[in-house]
Amino acid sequence: MKKILVTGALGQIGSELLRQLRANYGTNNVIGSDIWQKEDEEGPFEIVDVTDEKAIYNAAKKHNADTIMHLAALLSAKAESVPQLAWNLNMGGLMNALEAARELDLQFFTPSSIGAFGPTTPKKHTPQETTMRPTSMYGVNKVAGELLCDYYFYRYGVDTRGVRYPGLISYMTPPGGGTTDYAVEIYYDAIKHKQCTSYIAEGTYMDMMYMPDALNAVVKLMEANPDKLVHRNAYNISAISAAPEDFAGAIRKHIPEFELKFDVDPVRQQIAESWPDNIDSSAAEEEWGFKAEYDIDLMTEDMLTKLQMK
Ligand code: NAD
Ligand code: AKB
């Protein structure tokens, strides 16, 4: 049975990943951690600041973890407002987590992002291996992080694995300050106000994915046969390529009066334009059987239903 320590576990991904892992492996085998704590936490939990050099190691050792899933990070838009802090958290936290995995011989997962690509990357069907010269601090952190995870595998034999997530859409925990957050806000606004003002311009395509597909991908990759993993860190995975008007169209099938307006934020727009329109997930499909279940219509139906019940 696995024993997993999750950092940044109260964020958009972690809050749902904890539930899924606890359902799969047992509540007491999944230890959540973050820099703050909820009062109604349902399982084992530790306060862990990932920038504290020994905090991850101490929590993993205390609970006899065999796996670290490292999620604590600053996302693209927030990182761009405080780039020096972003470097310290995104790179320092990752290094501390990898060191804990090396010292304790643990399996390791951390997500990269479509943000690792840049304006000179091919925009359509972006290959698994291609030009990566990102222009945001977040992107710089993600490329460096992918390489660092490769290094820990080649140099020390740490079983590091990862995916390049697209923008994730979910209804349980709001996103933490990314460029793709508009694609979550549009659903909340559709339910509350029947209209939304997008800070991303019409015609700007980015990769997106519904949270259940993102969670299944982690479990599938971590359980995959290591002999099959050629690109172990940072597999391209995507489900949907969409612009703001595509979300509006899908929402109007349920809320015909839904109105979409635009008030473009230049910082987030510039980041969005530097990212691919759609990435090619074939390496993940071939090496560990990645498959997304949700397209934009199926996701929209589920998002609107779940948000209405909230
Ligand atoms: P989030 O912003 O929702 O959550 C991050 C969590 O980290 C928060 O709960 C926060 O309290 C915690 N945290 C912040 N500073 C910390 C510190 N010093 N020590 C410990 N915890 C700290 O982020 P998320 O969306 O859940 O993203 C998790 C990972 O997935 C990140 O690496 C992110 O880059 C990556 N990712 C996310 C998306 C997405 O759309 N959500 C897409 C691609 C990649
Ligand atoms: C962001 O927009 O920063 C994230 C991501 C795609 O990495 N959602």
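Miscellaneous remarks
- Scanning segment 26-58 for residues that are within 21 Å of the chain's Cα centre (by Cα) and among the hydroxyl-bearing types (Ser, Thr, Tyr) yields SER33, THR51.
- GLY92 meets the conditions (1) touching a residue at least 60 places away in the same chain (Cβ under 8 Å); (2) within 15 Å of ligand 1 (Cβ to nearest atom); (3) of a type outside the set (Asp, Glu) in every case but one. The failed one is (1).
- Looking at segment 105-200, the strands (runs of 3 or more DSSP E) lying wholly inside it that each contain 2 or more residues that are closer than 23 Å to ALA284 by Cβ and within 16 Å of ligand 1 (Cβ to nearest atom) sit at 107-109, 163-165, 167-169.
- Of everything in segment 258-283 that is closer than 16 Å to ASP207 by Cα and away from ligand 2 (no atom under 16 Å from the Cβ), the residue that is surrounded by the most Cβ atoms within 10 Å (Cβ to Cβ) is ASP280.
- ILE68 vs. criteria within 21 Å of MET222 (Cα to Cα), in a strand (DSSP E or B) and in contact with a Pro (Cβ under 6 Å, 6 or more places away or on another chain): no
- Whichever residue in segment 205-248 is out of contact with any Pro (no Cβ under 9 Å at 6 or more places or on another chain) and closer than 19 Å to ALA272 by Cβ and, among such residues, is surrounded by the fewest Cβ atoms within 10 Å (Cβ to Cβ): GLU245
- With respect to the stated conditions, LEU260 fails to be aliphatic (A, V, I, L, M) and either free of Cβ contacts under 8 Å to residues at least 40 places away in the same chain or in the same structural domain as ARG19 (by the TED database) (or both).
- Here LEU85, LEU75 are screened, and the one residue that is over 14 Å from GLU146 (Cα atoms) and within 11 Å of ligand 2 (Cβ to nearest atom) is LEU75.
- Any hit, segment 31-43, residues being in the same structural domain as TYR138 (by the TED database), crowded, with 21+ Cβ neighbours inside 10 Å and of a type in the set (A, V, I, L, M): yes
The values are calculated or read from the model by the stated rules, or taken from the named source; none is laboratory data. Being a predicted model, the structure only gives us computed values, none of them experimental. Backbone-built Cβ (ideal geometry, glycine too); neighbour counts: all protein chains shown.
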